[in-house]
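Asks: Structure in C-alpha cells, see below.
The values are calculated or read from the model by the stated rules, or taken from the named source; none is laboratory data. Here the structure is a predicted model, which is why all the values come from computation and not from measurement. Virtual Cβ from ideal backbone geometry, glycine too; neighbours counted across all protein chains shown.
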Amino acid sequence: MRMAQGIPDEVLMNSALIKELAEEAKDSAVTQGVLMRLQETPNSSEVVSFAPFTLFPTPVPKAVFSQALAVQTHYNTLVDKISQDADFLQEALASTITVDDFTARLFKIHQQILKEGRSQSIVLGLNRSDYMLDQRENDTPSLKQIEINTIAASFGGLSSRTPDVHRHILKMAGRLEESERILDNNPAAGLARAIAKAWELYGSEKAVVVFLVEDVQRNIFDQRYVEYELWKRNIHVIRLRFEDVFKAGSLDQDKRLFVDSKEVAVVYFRNGYMPDNYTSEQSWDARLLMERSRAVKCPDISTHLAGTKKVQQVLARPGVLERFFPDQPQAVQQIRATFAGLYTLDLGPEGDKTVSMALAAPERFVLKPQREGGGNNIYGSEICQVLEQVKESTERTAYILMDKIHPTPVRNYLMRQGSPLKISNCLSELGVFGAYVRQGKDMVTNECVGHLLRTKSSEHSDGGVAAGVAVLDNPLLF
Ligand code: ADP
Ligand code: MG
C-alpha cells in the first residue's frame, strides 16, 4: 500500500527514527495539552496522559475537505428546520418509537414540550457531521456522511491542540513542506462563540452556563478548552451531573431554571446521548426539568431527535430534503451529494426489500440501531444473524441499513498510552463542527467552526476515540 501524497516509506519504515519521533510526539502532545485522564482514575487530574493520536497526519484531498466545510451551514439549517417540524419528526420516528425505548422516551419529552409550549425562543445548535471518503477503484474519493451528531459532539477542544503536535513531528522528520500544510483548527473557540452568543441573548449577566457532564469524566480536558473560552468572556461556567440538577434544580414561575441559587442561561449537554447516561429515573426527571425551563438547551429535545439515525435514513428518501429547502435547490444538491445509500426496515414491501438485499450481500452494508457513542453497529455475517431473528417482527424497525463506505487504508502509527508502537493499516473519519444560534425566526449566527480527523486501525469496524478505538489526527491536504 502506498501513502498518497503522504509520509514516504523512508520515514515510515525507519524504525529508529519512528521510535525517536514517538517519544517526541508524546512530549509534544502533553505540552500542547492533548490530554485525557487515565482509565484507572477517570475523576482525577493528579496523574494524566496524552489523549490517543496518530504519529503522522493523514492525506485528505483538498476538494473533498472543502466540500465538507462548505456544506456545513446547510446541515446546520437542516437540523434546525427538522427540529421545528413536529409533523415530520412524528412521521419519521413513528415506527422506531414503537420498538426503541430510548428514542420513545426522548420523543415523549418532545411531545410534552410541544403540548406545554416552548418557553424559550433562543436555540443553540452545536453539531458535528462525520464523513468517510468512499474510494471506488480509481475514481476520485467521494465524501459520504456517516452520521450527524446533534448532542454531545466531542473533540472540538482537543482537536484545537493537535495541529502543533503534527507540525513538530513533521519538522523533526525533515518534512518541512508537509508541516506547513497542516491547517490551523480551533473548534473550541467557535463552539464557545455560539454558546456565548446564546448566553448574551438570554440577557442576564449573572446567569451561568451549565455543562451537563457524565459521572465518569475521562475526556474532561476536551470540554475544558470550551469552558475556558467562556471564562475569558467573563461567562461563569459550572459543571453539573443529572443528579445535581435533580437535587438542586427548580423552575420559578417564569420557568427560569435555578440550580441552588444560580440562574442558568444555557445548558450544554455533554451527556444524555445514550441510555446508560440515565442512571435512574432522577436523570430523566432532570432532563425534563431542563427541557421545560427557559434556559437555552444545547440541544433542545427536538434537535436531539433530529440527529437520530432514523431521521438520517428518512432524509435520504426522494423529495424529503426539498421539504426543508423548497427554494434552495443548491443546498439540496450539496447535502444530497454527501448521502450514502440508506434503507428503511419499516414493515412493508420496501422494508422487505431491504431485508433481502442485506441478507444477499451483508458485506456491502452496516446495520445500525438508534444508538450513539460507538460500538453498536452490526457488520458482515452478524447482519444476517440479527435480521433472521427480527425480520418478521416490528423489532426490525429499531434499525436502519446503510451502504458500507470504503475509504483507502493508509499506514500510520497509533499512539496510545501503554500500547506498543506498531504500524497499522488505518481508516479515517472526517468530522466538521457546526454552530448556530436562532432567536425566533431569526438565524443570528450559522457557522462552520472547524474540523476533526479521527483515525482507527482497519481491523476495527466501529467505535470512536472515547470508545478507545479511534485516535486524534489531522488532515494533510493535497
Ligand atoms: P455512533 O453514533 O455510534 O458514533 P456511527 O454511525 O458514527 O455511530 O458509527 C460508528 C462507527 O462505525 C463510525 O465511526 C465508523 O467507523 C463506522 N461506520 C458507521 N457507518 C459506516 C458505514 N456506512 N461504512 C463504514 N463504516 C461505518
Ligand atoms: Mg459516530
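Asks: Would you mind finding the one in L257, L345, L321, L288 that is in contact with a Ser or Thr (Cβ under 7 Å, 6 or more places away or on another chain), in the same structural domain as V213 (by TED's automatic domain parsing) and not basic (K, R)?
Replies: L257
Asks: Every residue in region 172-183 that is part of a loop (DSSP other than H, G, I, E, B), surrounded by fewer than 18 Cβ atoms within 10 Å (Cβ to Cβ) and either of a type in the set (F, W, Y) or at negative phi (or both), please.
Replies: Correct list: E180, L183.
To keep it simple, each residue is scored yes or no on (1) modelled with pLDDT under 95; (2) farther than 27 Å from L288 by Cβ; (3) surrounded by 22 or more Cβ atoms within 10 Å (Cβ to Cβ).
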| site | (1), (2), (3) |
| --- | --- |
| L170 | no, yes, yes |
| N185 | no, yes, yes |
| A198 | no, no, yes |
| K206 | no, no, no |
| Y225 | no, yes, no |
| V266 | no, no, yes |
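Asks: Quick one: which residue in W199, W284, W231 is more than 30 Å from T162 (Cα to Cα) and either outside any loop (DSSP other than H, G, I, E, B) or touching a Lys or Arg at 6+ places or on another chain (Cβ under 9 Å) (or both)?
Replies: Details: W199 fails: more than 30 Å from T162 (Cα to Cα); W231 fails: more than 30 Å from T162 (Cα to Cα).
One residue alone meets the criteria, W284.
Asks: Take A68 and decide whether it is surrounded by 23 or more Cβ atoms within 10 Å (Cβ to Cβ), in a helix (DSSP H, G or I) and among the aliphatic types (A, V, I, L, M).
Replies: yes
Rundown of residues vs (1) at pLDDT 95 or above; (2) more than 22 Å from Y75 (Cβ to Cβ); (3) not assigned by TED's automatic domain parsing to the domain that holds D473, yes/no style:
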{"residue": "E392", "(1), (2), (3)": "yes, yes, yes"}
{"residue": "I400", "(1), (2), (3)": "yes, no, yes"}
{"residue": "R416", "(1), (2), (3)": "yes, yes, yes"}
{"residue": "V444", "(1), (2), (3)": "yes, no, no"}
{"residue": "V449", "(1), (2), (3)": "yes, no, no"}
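Asks: Which number in (1) under 17 Å from M402 (Cα atoms); (2) in contact with a Leu (Cβ under 8 Å, 6 or more places away or on another chain); (3) in a helix (DSSP H, G or I) marks the one condition that T338 misses?
Replies: (3) is the only condition that T338 fails.
Asks: Return the only residue of N412, N425, N377 being closer than 20 Å to R454 by Cβ, touching a residue at least 60 places away in the same chain (Cβ under 8 Å) and exposed (fewer than 15 other Cβ atoms within 10 Å of the Cβ). Give the derivation first.
Replies: Details: N412 fails: exposed (fewer than 15 other Cβ atoms within 10 Å of the Cβ); N377 fails: exposed (fewer than 15 other Cβ atoms within 10 Å of the Cβ).
The conditions single out N425.
Asks: Quick one: how many residues across region 370-389 are outside any helix (DSSP H, G or I) and either more than 14 Å from ligand 2 (Cβ to nearest atom) or under 17 Å from V99 (Cβ atoms) (or both)?
Replies: Total meeting the criteria: 6.
Asks: Of all residues in region 145-164, which are touching a helix residue (DSSP H, G or I) at 6+ places or on another chain (Cβ under 8 Å), away from ligand 2 (no atom under 12 Å from the Cβ) and not β-branched (V, I, T)?
Replies: G156, G157, L158, S159, S160, R161, D164 - these are the residues of region 145-164 that are touching a helix residue (DSSP H, G or I) at 6+ places or on another chain (Cβ under 8 Å), away from ligand 2 (no atom under 12 Å from the Cβ) and not β-branched (V, I, T).
Asks: It is to be established whether one or more residues within region 346-363 are within 20 Å of the chain's Cα centre (by Cα) and not in a loop (DSSP other than H, G, I, E, B).
Replies: No, the conditions are met nowhere in region 346-363.
Asks: May I ask you to list the residues in region 46-83 that are of a type outside the set (F, W, Y) and within 30 Å of D27 (Cβ to Cβ)?
Replies: E46, V47, V48, S49, A51, P52, T54, L55, P57, T58, P59, V60, listed by residue number.
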